[in-house]
Each structure stands twice: as C-alpha cells, then as structure tokens.
Amino acid sequence: MSSSPLRRRNQAVLVIGQLLSGVGVASGVAVGGILAAQLAGTTAASGFVQTASALGAGLVAVPLANLAVRAGRRWALSTGFALGAVGAALVLLAAAAGQFWLMAAGMLFFGSATAAGLQARYAAVDGAPPEKAGRAMAIVIWATTVGSVAGPNLSEPGRLLGINLGIVPLSGPFVFSLVAFVTAALVISIFFLAPPAGSPAAGAGANDGASPNDRPATTAGNRAGRGPASSTAGTGSPAAPVKAQKGHGAWRALRLASRNPRALAALATVTGGHAIMVGVMVMTPVAMDAHGHSLEIIGIVISLHILGMYAASPIFGWLVDKLGPLRVVLVGCSIFLAAIATGAVVSDSSNPVLMSVALTLLGLGWSACLIGGSSLLNQSAPDELRVPLQGANDMMMNFGAAGMAALAGPVLALGGFFWVNMMALAVLVVMAVLAVRAFLSTPEPAAADKLTDAVG
C-alpha cells in the first residue's frame, strides 16, 4: 500500500478509536464521582475518580510507549484500550459488590484508555509528512470532541440500562464504557497498519504488519542530512528500527531532553498546560455551586470549556504547520494568561458569563499548548528517543494533573477560586520562561542535532 492511502486509512482508524474512547471515558467519569461517594459513604470520595484515573494514565504511559517500541503502535494502543475495558469491568463488579476499594482499582485501569487516547496523537504524526504533521495530530485530537460531548449525555440512558439489567443504576454508564473500549481495542488491532515509508517515527510501527516495502530504508541522521545511514538501516529487516531505540528508556530520554532548551520547553508545556487546565476546571463547578448557580448553568460552562479544548484543534494544527510549534506554544501561554486573569477577576462573584469566557479560554489555551508542545517534542528528538520521550511526557502530564487536582481542593477551601488561579499562574510563569528561552535559542534543525549529539 502506498504512503498516502495508508496514511489516510490509519488516520481514519485513529479517529474512530478516539470517538469510541471519548464516549467511554466521558460516560464513566460523568457519574463516577457520584458512584464513588455512594460506595464509600462520603462525598469526600467523589473527587477520587479524576485523581485515580489520571494516576492510572500516568502509570501506564511509559509501559505503553515501551510496547510501541517493541511491537508497534497497533499493539500499544489496543492494549491501552483493553486495559481500560478491564477497568470498566472492575467498576461494574465493585458496584455489584458494594466495594469502594475495588472501584479504586478499576479507575486506575480505566485511566489506561486515556493514556492510549493521548498516545494516538503521536501515532497520527508517525505517518504524516512534516508539512502536515500538526494537522494530522489535531484531527485525531478533534475527534475526541464528539465522544466527550456525547458521553455525559449517556448518563441517564446508562442509568435506565442499569435498572433494566438489574445492576446498580449509576454503574449502567460503565457498560457503555466497557463496550466502547473493547470496540476501540478491536478496531485498532485489526485495522491499524505500520506508518508509510520515510515517516519520521516509523520505527514505532515497525512491527505493525507492514510489508518490507512499506518500511523506511534510512535513519533519522540520513534523512536530516547528517551523514550516511547505518549498516542495518537499509536491510529491510523489521527489527532494525526497533534495535535503534534499544537502551533509550523513558528516564534516560528525559535526562537527555533536559539538556535541550526546545525539548525541555516541550515537556514543560504539555505537562504544565494539562495541570493548569485540570486544576482550574475541576474546581470551577465547586466554586460556582458555592455561589448558588444551578447545575444547568454549571453544565453550560463546562460544555463551553470542552468545546474550547477540542473544537479549535484543527486551527492550532494548521498554525503549527504554518508558523512552527514554538510560536503556537507562546500563543497558548498568552491564552492561558487571559483565562487566568478572567478567572481571578470573577472569583468573588462567579459571574456565569465571565466564568464561561474564562473556561472557554482555558480550553483554548490547553489545546494550543497540547498540540504545539507535542509537535515541538516530536521535532526536538531523534528517532531513537522520540517514542520513549513521548511516553515519559504523557506520564508527567497525567501525574501533574493528578497533583494539581489534589492541591486545588485545599487551595479553594483556604483562599477561594482566586488562589486556584494564582496557583495556575505560577505554573504558567515556568512554562512561559522555558518557552521564551527555547525561542531565543538554536533553530529547530540544530536543536534536533544537539539532542542527537547528546545521545551519541
């Protein structure tokens, strides 16, 4: 199969997988907090769902990246969705048994589906030409919009399904999650193929079932004009790209990336941007509820936030391809600053109109930083570090989100929504300083060379 049809096929498969996983994640999380509170007998347990799911996504991110190196993207993504299905099944079992601890374990596994969904954005770039890489990533991220919006709307049908099945009513939506994750795993495992020849990260898909003619015959150094290919690069052996990455684990990749301004800025942008979004977003309903706003108003604000997160992603992907990822990162930092300033101003009154503006801007800032930062990470690392670094960054962003969500509650209780935004501002300052430092440093091609030299 030639490069272009294979690329379109893979992108379509990834989009379908993201639609399904979006439905699965949103269906469960929408009612997970209430179900957790029922099982634990205390409302304090309701915030556990987001934290446990984020921790689970962080814990599995590096193993899934390692699996992508050894066996290909197909098996890494399908394994992540399959583990998410195990998590949904454990939650159903926990509800039937009335055991909160079992739901805790289930939500850790449940987070694996989120990790797989995040790594799908890199799988989309694997087969894309450099001038279209940003848009390829953005389309896959955009596909999550439909699932994220549709998932919460399945809460009531899920509850009715639970009643009809004779199970705990609020566990019914997790049946939808289970079916969605299993279907996503099957779609990816059956239909996803290796990246086309010459793709920047084809090594990650070397064992995805492509013929030898679909595999690259050059190394990263050869494509960049840095010298001849290695003696194993042109053999057509499916093991060659995988061997090139052997020994470069996540921790070593992080150490090497920390010496490169652009790679360090990319890591900080994706991790910090996700932490800012989660920390402010999870406290918004609590702050608005304290000011007496109805669930309908709160729901509208959160829906606008989700729309900001995903709907504009194709625009940011196009900007990455036209202006470069680092400029999009700086745009994202500016949008975050506007969101935080608006949230801080509105904190005393929780005005729903201004809160909608703040949360929409928060979603847009997240989208720009995720797409710009992820693209910058791809451009700043050579093939032998790229996939381990992707897994390490996804681990960091999920752990960062879990930590920010855990801190945001006490900060809200002690100082109000204003100080939640000030906590986000502190993270943003670090992100912006590193982004500006990278912008003033070496050009992108030299940055990739520098990190490659560090590997050598």
Near pairs, Cβ below 9 angstrom, 6+ apart or cross-chain, from segment 280-305 (in the same structural domain as Ala339 (by TED's automatic domain parsing) and without any contact (Cβ under 8 Å) to a residue 12 or more places away in the chain) to any residue that is surrounded by fewer than 18 Cβ atoms within 10 Å (Cβ to Cβ) and among the charged types (D, E, K, R) | Leu295/Asp289
Any hit, segment 158-180, residues being surrounded by fewer than 21 Cβ atoms within 10 Å (Cβ to Cβ) and under 21 Å from Trp318 (Cβ atoms) = no
Single unsatisfied condition, Thr42 versus (1) surrounded by 18 or more Cβ atoms within 10 Å (Cβ to Cβ); (2) over 18 Å from the mean Cα position of the chain (by Cα) | (1)
Got at least one residue in segment 135-155 being over 30 Å from Asp321 (Cα atoms), surrounded by 21 or more Cβ atoms within 10 Å (Cβ to Cβ) and at pLDDT below 90?
-> yes
With criteria (1) out of contact with any Phe, Trp or Tyr (no Cβ under 9 Å at 6 or more places or on another chain); (2) in a helix (DSSP H, G or I); (3) not basic (Lys, Arg), Ser349 comes up short on (2)
Only one residue in Gly317, Gly332 is surrounded by 23 or more Cβ atoms within 10 Å (Cβ to Cβ) and either more than 17 Å from the chain's Cα centre (by Cα) or over 30 Å from Trp419 (Cα atoms) (or both). Which one?
-> Gly317
With respect to Leu389, determine if the residue is crowded, with 21+ Cβ neighbours inside 10 Å and either under 21 Å from the mean Cα position of the chain (by Cα) or at pLDDT below 90 (or both).
-> yes
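The values are calculated or read from the model by the stated rules, or taken from the named source; none is laboratory data. Please read all numbers here as calculations on a predicted model, not as lab measurements. Here the Cβ is made from the backbone with ideal geometry for all residues, glycine too, and neighbour counts use every protein chain on show.
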